[in-house]
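Before any comments, here is the structure.
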Amino acid sequence: MAKTLTAKILGEHLSSGTLEVGKPIGITIDQTLTQDATGTMTYLQFEAMGLERVQNELAVSYVDHNTIQVGFENADDHRYLQSVAAAKGVIFSKPGNGICHQVHLERFGIPGKTLLGSDSHTPTGGGIGMIAIGAGGLDVAVAMAGGPFHLISPKVIEIRLTGALRPWVSAKDVILAVLERFGTKGNVNCIFEYTGDGVKTLEVTERSTICNMGAECGVTTSIFPSDERTHFYLKAQGREEAYRPLCADEGAVYDGLHEIDLSTLEPRMACPHSPGNIELVKNLAGKPVEQVLIGSCTNSSYVDMKKVADILDGHTAAVNVSLGIAPGSREVLLMLSNDGSLAKFVQAGARILESACGFCIGNHQSPGTNGVSLRTSNRNFEGRSGTKSAQVYLVSPETAALSAITGVFTDPLSDHGIPYPEIVLPTSYIVDDSMLVFPPDDGSGVEIFRGPNIGDPPANTPLKEDLDGYVTIKVGDKITTDHIMPAGARLKYRSNIPVYSKYVFEPIDEYFSNRCIENQDRGKDNFIIAGASYGQGSSREHAAICPMYLGVKAVIALSIERIHQNNLCNFGIVPLTFTSEEDYAKFDQNDEISIEGIKEQIKGQHVILKNKTKACEVVLECDVTDEQRAMLISGGLLNILKERP
Ligand code: MIC
Ligand code: SF4
């Protein structure tokens, strides 16, 4: 039978189950990546598994998120990560070497391989023809230990591209058009597979931009075929031997189709406060801008940066604009410095930012009060920039660069008088791997450094017979992991769960953790009630670990996003969904609620939740796999791994 590209790669890696939509499967993982903000927990968990060395083909540990280093915490974490990498056989990418997804694409991505990363934008690797999936750190630790990754056999949605992009319209506009069609909820357990004649008009880093932001739709991953363009890119990276042509068979049958004619697309943007809130740039043309930030794992390749340099050439940022540029990797920075682009940035008055996540995660460059910020990154959740009142718009590098010059939202297709930057793709990149630290063959003598900020990952207790406590918080739809576990200024506590836990739900309710502790002291359980698409966004398992630490036993929502649902199970928090939408209204904060016999009840599909305050009960669904059910009963995956001989 004719196969999709997804089915081919998943089929080659299948370790359990069959590829039937909706059924649980296990796949073997060839490559893993971690970044520092999720990495410390991942390696602490890997250490707790007691293995001498990683078992998968390739494991890389990147430092790109916490590079600001105010105080000792981040530097200590970096030392821990470097030493544990050497001890366990992991390649360590030093801070300054670049953003994990960009560097991984450049140096390690291989068509047809599987990649699991403790970061939700791991699907960037789909641009080179990999099945690249974002997951919680514990799932990545299991993959490094040689274990399979469990997922639901996905629906494969064909996104058929025809035509070619016009000058000034870019890959970012393609994915924004996809987001316009699919939105940020309701796409769980799907894979977007790109096909059609338009594919060959896009180069690898453009494809990666598209796959990167597929994460915002909530899909498992996105993938492009591996073709002549892939060959060209790998050759230019000095890795021609990694090339393997791959595409779907003729006549392959998909579970859905969406067609995009690239030649008709217009520049788009995602408006505050969701990547799914799409508008044409021309509709806001003329609106004043205060800040323009160019970079992040979505748009920081050499080609993106070179376009920006050529647009800025001979111009300066408008007086009202603060312009910041963060090239995605040291390789990109070297290329830009060699070809004179860096000088063009400086001359344009840009603030040159480190090759790291930086502004994207609210680590710096927070806008002023009500500040209007145009960014080429992928998420504009309220408050993520570090300023709650900021208005963050997500745009292409072309739109960003032009708007920096004019000081107002500028549609690249309008009559602005700046010549279009025609970029010649490099036939060879400057390859310098000296900031990659390769592990010794035998790491047994390496001493692992642990600073005072680094604590052991906390374990949960096995599930009790009955749960009894309070609705500690009730939240609405589309609650992101940035709402649950803020990053930015709080990011440095990622390795210190007792401290980080104080900030759970800080952006929406700063007293949440106090209430949890009061309930815990009274011997009561904590519950979270939520609307649709709870846990959108990042892969950060802290959004499960910290609530677990505060005694949260169950999340009851209209729907829960894939990575977050897995993280909840991994840490023994029961994910439950309402079977009827109206039931959401039957609960308020502080209601006293209980689930009797939960341990028995979750063995079936349905669970009865009692609201003692409102004297009513509702039926919930517990849609987990058998593996996850076992985790919930044991109080999390770590407990199961410890029980195993
Ligand atoms: C993000 O973009 O939200 C992050 C920060 O990269 C997260 C990971 C994290 O929270 O450490 C992600 O995307 O998974
Ligand atoms: Fe880093 Fe932003 Fe990409 Fe997350 S989305 S990996 S914070 S650049």
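The values are calculated or read from the model by the stated rules, or taken from the named source; none is laboratory data. Everything quoted here is computed from the prediction, not taken from an experiment. Positions of Cβ are backbone-derived with ideal geometry, glycine not excepted, and every protein chain shown enters the neighbour counts. What goes into the accessible areas is simple: the full protein's heavy atoms, side chains included, and nothing from ligands, DNA or RNA. Shrake-Rupley method; radii C 1.70, N 1.55, O 1.52, S 1.80 Å.
Descriptive notes on the structure:
- Any chance Asn56 is more than 15 Å from ligand 2 (Cβ to nearest atom), outside any strand (DSSP E or B), out of contact with any Phe, Trp or Tyr (no Cβ under 6 Å at 6 or more places or on another chain) and touching a residue at least 12 places away in the same chain (Cβ under 8 Å): yes
- Some residue of segment 486-502 being buried (at least 17 other Cβ atoms within 10 Å of the Cβ), aromatic (Phe, Trp, Tyr) and touching a His at 6+ places or on another chain (Cβ under 7 Å): yes
- Identification of strands (runs of 3 or more DSSP E) wholly contained in segment 90-198 with 2 or more residues that are in contact (Cβ under 8 Å) with a residue 60 or more places away in the chain and out of contact with any Phe, Trp or Tyr (no Cβ under 9 Å at 6 or more places or on another chain) yields 131-134, 149-152.
- Condition met for Ile528 (in a loop (DSSP other than H, G, I, E, B) and either away from ligand 1 (no atom under 15 Å from the Cβ) or in contact (Cβ under 8 Å) with a residue 60 or more places away in the chain (or both)): no
- Among the residues here, Val219 does not qualify as β-branched (Val, Ile, Thr) and away from ligand 1 (no atom under 16 Å from the Cβ).
- Residues (open to solvent by 50 Å² or more (accessible area, probe 1.4 Å) and within 20 Å of Phe359 (Cα to Cα)) located in segment 503-531: Glu506
- Counted residues, segment 226-278 - those being in contact with a Cys (Cβ under 9 Å, 6 or more places away or on another chain) and among the hydrophobic types (A, V, I, L, M, F, W, C): 1
- Output for segment 541-564, where each listed residue is open to solvent by less than 10 Å² (accessible area, probe 1.4 Å) and either within 16 Å of ligand 2 (Cβ to nearest atom) or part of a loop (DSSP other than H, G, I, E, B) (or both): Glu541, His542, Ala543, Leu550, Gly551, His564
- Asp482 touching a Gly at 6+ places or on another chain (Cβ under 7 Å), in contact (Cβ under 8 Å) with a residue 60 or more places away in the chain and open to solvent by 60 Å² or more (accessible area, probe 1.4 Å): no
- Counted residues, segment 593-619 - those being under 15 Å from Val574 (Cβ atoms), polar (S, T, N, Q), surrounded by 14 or more Cβ atoms within 10 Å (Cβ to Cβ) and out of contact with any Lys or Arg (no Cβ under 7 Å at 6 or more places or on another chain): 1
- Every residue from segment 317-359 that is touching a residue at least 40 places away in the same chain (Cβ under 8 Å), out of contact with any strand residue (DSSP E or B) (no Cβ under 9 Å at 6 or more places or on another chain) and more than 18 Å from His104 (Cα to Cα): Val319, Asn338
- Restricting segment 372-409 to residues that are assigned to a loop (DSSP other than H, G, I, E, B) and more than 27 Å from Val303 (Cβ to Cβ) leaves a set whose member that is most open to solvent (accessible area, probe 1.4 Å) is Lys388.
- Scanning segment 231-251 for residues that are farther than 21 Å from Leu161 by Cβ and in contact with a strand residue (DSSP E or B) (Cβ under 8 Å, 6 or more places away or on another chain), we see that the one that is least open to solvent (accessible area, probe 1.4 Å) is Tyr243.
- Those residues of segment 252-265 which are surrounded by fewer than 16 Cβ atoms within 10 Å (Cβ to Cβ) and part of a loop (DSSP other than H, G, I, E, B), in sequence order: Val253, Asp255
- Cβ-Cβ under 6 Å pairs, at least 6 apart or on other chains, segment 532-554 side over 17 Å from Ser501 (Cβ atoms) and touching a residue at least 24 places away in the same chain (Cβ under 8 Å), far side of a type in the set (S, T, N, Q) and more than 16 Å from ligand 2 (Cβ to nearest atom): Ala532/Ser559; Ser533/Ser559
- Only listed residue being more than 13 Å from ligand 2 (Cβ to nearest atom) and touching a Pro at 6+ places or on another chain (Cβ under 6 Å), chosen from Gly324, Gly383: Gly383
- Put simply, of Thr67, Thr34 the only residue that is at pLDDT 95 or above, within 14 Å of ligand 2 (Cβ to nearest atom) and touching a helix residue (DSSP H, G or I) at 6+ places or on another chain (Cβ under 6 Å) is Thr34.
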